[in-house]
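First the structure, in the form of structure tokens, and then the observations on it.
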Amino acid sequence: MAFARLSALLVLALGAVQINAAITKRVTCASGHVTANAACCALFPVVDKLQSDLFDGAECGEEAHSALRISFHDAIGFSIHGGKGGGADGSILAFNSTELQFHANGGIDDIVAGQFPVFKEIGFLTAGDFLHLAAAVGTANCPGAPRLEFKFGRPPPKAAAPDLTVPEPTDTVTAILERFADAGFAPEEAIALLSSHTIAAADVVDVTIPGTPFDSTAGTFDTQVFLEVLLKGTAFPGNGSQAGEVLSPLAGEMRLQSDFRLSQDPRTACFWQAMVNDQERMMSQFKAAMAKLQVLGQDTRKLIDCSDVVPVPAPFAGPIKFPASFSNADLQLACPQLRFPNIATVAGPAPTVAPVPGS
Ligand code: HEM
């Protein structure tokens, strides 16, 4: 009897602990914003400044796209085995004169030129906090994107990352997967990170056609890129075949050799295909992989969770569609065990994809 009462009390006490853990203390900042930690209050004005000075008033444009790209190029300068840089530490911004020399960082000079003065003006953020907050905010400007996490408190970077940490579109699938594994990412996580190419365009793969998008909806964070990379390629959008480029299905669209090979390789084809028309899967897997990427090399016990300063992205209005004149008959599928979803086709003649302005 006494034992039963003791057990009941224990259950109640445990319940209370769980409830207490669930109630996080909220703080109202002087600005009126509510956040989980008082230290995050300083970031709300920074978010406003990024939106006005960097992202043309909260647009999902070239600067937002490049803010996401530079966060990858910064963070991937890391190895779980050591000796490859400080990871998500902002070294690409702070030591840009070194890291911009690396071939894989082609085109990153534009976003460094755009971000550096804003970083200096803000003054109190480390390069890593600035760069990874900018990536989360820029991504949030794209409808359909998940709301990325932001952890605050990275120390200043100590040194430039070494060369050859950033994968290139000319790399083999084996080399790409080995580099991701060396940084701590499984093949499925690598594909999740490549969701980023849904808001991407190339300036330097073919310099004659800057701003050439990787899918027909570069202003929306949808699964369109996973669909369009699976369509049979027929032509090059610009000055013939360039290194790292393969035939694309649409005029005005660029297809990276790496994206295509990953979509066809037995190690990754099913992860690629599973993303098509599964917005929820893409959002949750991308969010989780980015959360890992953006703290690579950091002591997360020392970081404060300021995710609630990141704006909430607009939802994807969907569904995705085959571009006009395309259908299931144009697919090159490499994961036969997965049923391909039913996707409607846009009406009209085959489109020419417009470049992303500002490139
Ligand atoms: C196999 C791995 C990857 C390769 C080979 C690759 C390669 C490339 C290339 C060649 C470009 C075009 C550069 C130019 O010509 O201007 C590009 C653009 C881009 N990449 Fe990747 N990438 C990879 C992974 C990633 C990851 C993991 C992210 C982010 C998490 C990312 C985000 C972007 C974005 C957002 C752009 C567009 C930038 C803009 O439009 O300004 N990429 N990528």
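Values in this text are rule-based calculations from the coordinates and carry no lab data. For clarity, every value in this text was computed on a predicted model and none was experimentally measured. Reconstructed Cβ throughout: ideal geometry from the backbone, glycine too, with neighbour counts over all protein chains shown.
Phi angles across the stretch 186-198 convert, under the Karplus curve 6.51 cos²θ - 1.76 cosθ + 1.60 with θ = phi - 60°, into 3J(HN,Hα) values of 6, x, 5, 6, 4, 5, 4, 5, 6, 4, 3, 6, 6 Hz, Gly and Pro given as x. For A251, the residues whose amide H sits under 5 Å from its own are V353, ignoring neighbours fewer than 5 places away on the same chain, with H placed 1.01 Å from N.
Would you list I320, I122, I191, I176 from fewest to most Cβ contacts within 10 Å?
Starting with the residue having the fewest Cβ neighbours, the order is I122, I176, I320, I191.
The spacing between the stretch 276-354 and the stretch 46-103, judged by their C-alpha centroids, is 21 Å.
In the chain, helical runs assigned H by DSSP with n ≥ 4 each contribute -39500 (n - 2.57); averaged across all residues and rounded to the nearest 500, the mean residue ellipticity at 222 nm is -10500 deg cm²/dmol.
Starting from the stretch 227-332, pick out the trypsin sites (Lys or Arg not before Pro) whose DSSP state is loop and whose Cβ has at most 13 other Cβ atoms within 10 Å.
K232
Where a ≥ b ≥ c are the square roots of the eigenvalues of the C-alpha gyration tensor, would you call the stretch 55-148 rounded, which needs a/c under 1.5, or, failing that, prolate if a/b is larger than b/c, or oblate? Here the stretch 55-148 falls in the prolate category. Taking other C-beta atoms within 10 Å as the exposure proxy, F72, F286 rank F72, F286 from fewest upward.
With +1 assigned to the C-beta of every Lys and Arg and -1 to the C-beta of every Asp and Glu, and no other charges, what is the dipole magnitude of the chain about the Cα centre in debye, to the nearest 20?
Dipole of the chain, to the nearest 20 debye: 1360 debye.
Placing +1 on the Cβ of every Lys and Arg and -1 on the Cβ of every Asp and Glu, with no other charges, gives the stretch 288-347 a dipole of roughly 120 debye about its Cα centre.
With each label modelled as a point 7 angstrom along the Cα→C-beta vector, the A38-D278 pair spans 4.5 nm. Taking other C-beta atoms within 10 Å as the exposure proxy, V353, V295 rank V295, V353 from fewest upward. Available extension along the chain between C29 and R147 is 40.4 nm, counting 0.36 nm per residue and deducting the alpha carbon span. The phi-based Karplus calculation (6.51 cos²θ - 1.76 cosθ + 1.60; θ = phi - 60°) puts the 3J(HN,Hα) values of the stretch 336-350 at x, 6, 9, 5, 7, x, 7, 10, 6, 10, 4, 6, x, x, 3 Hz, whole numbers, x for Gly and Pro.
For the stretch 223-358, the residue among Q298, T345, V229 whose Cα projects farthest onto the positive side of the dipole built from Cβ charges is Q298. The residue among I108, A127, F180 whose Cα reaches farthest toward the positive pole of the charge dipole of the stretch 87-213, with charges on the beta-carbon of Lys, Arg, Asp and Glu, is A127.
Taken as Cα centroids, the stretch 153-169 and the stretch 219-261 sit 28 Å apart, rounded to the nearest whole angstrom. As a ratio to 2.2 N^0.38 Å, the alpha-carbon radius of gyration for the stretch 228-359 is 1.28. Give me the percent of DSSP beta bridges within the chain that run antiparallel, rounded to the nearest 5. If I count the DSSP bridges inside the chain, around 85 percent turn out antiparallel. The translational diffusion coefficient of the chain, from Stokes-Einstein at 4 °C and 1.567 mPa s with a Kirkwood hydrodynamic radius over alpha carbon pairs, comes to 60 µm²/s. Extension gain, D182-L338: 0.36 nm per intervening residue step, less the Cα-Cα distance, totals 53.3 nm.
For the stretch 82-159, the dipole from Cβ point charges (+1 on Lys and Arg, -1 on Asp and Glu) about the Cα centre works out to 240 debye, to the nearest 20. By the combined test of axial Cα extent (at least 27 Å) and Kyte-Doolittle hydropathy (mean at least 0.0), the qualifying DSSP H helices of the chain come to 2-22. The radius of gyration of the Cα set in the stretch 77-117, together with its Dmax, comes out at 11.0, 34 angstrom.
In percent, rounded to a whole number, the relative contact order of the chain is 21, using alpha-carbon pairs under 8 Å and six or more apart.
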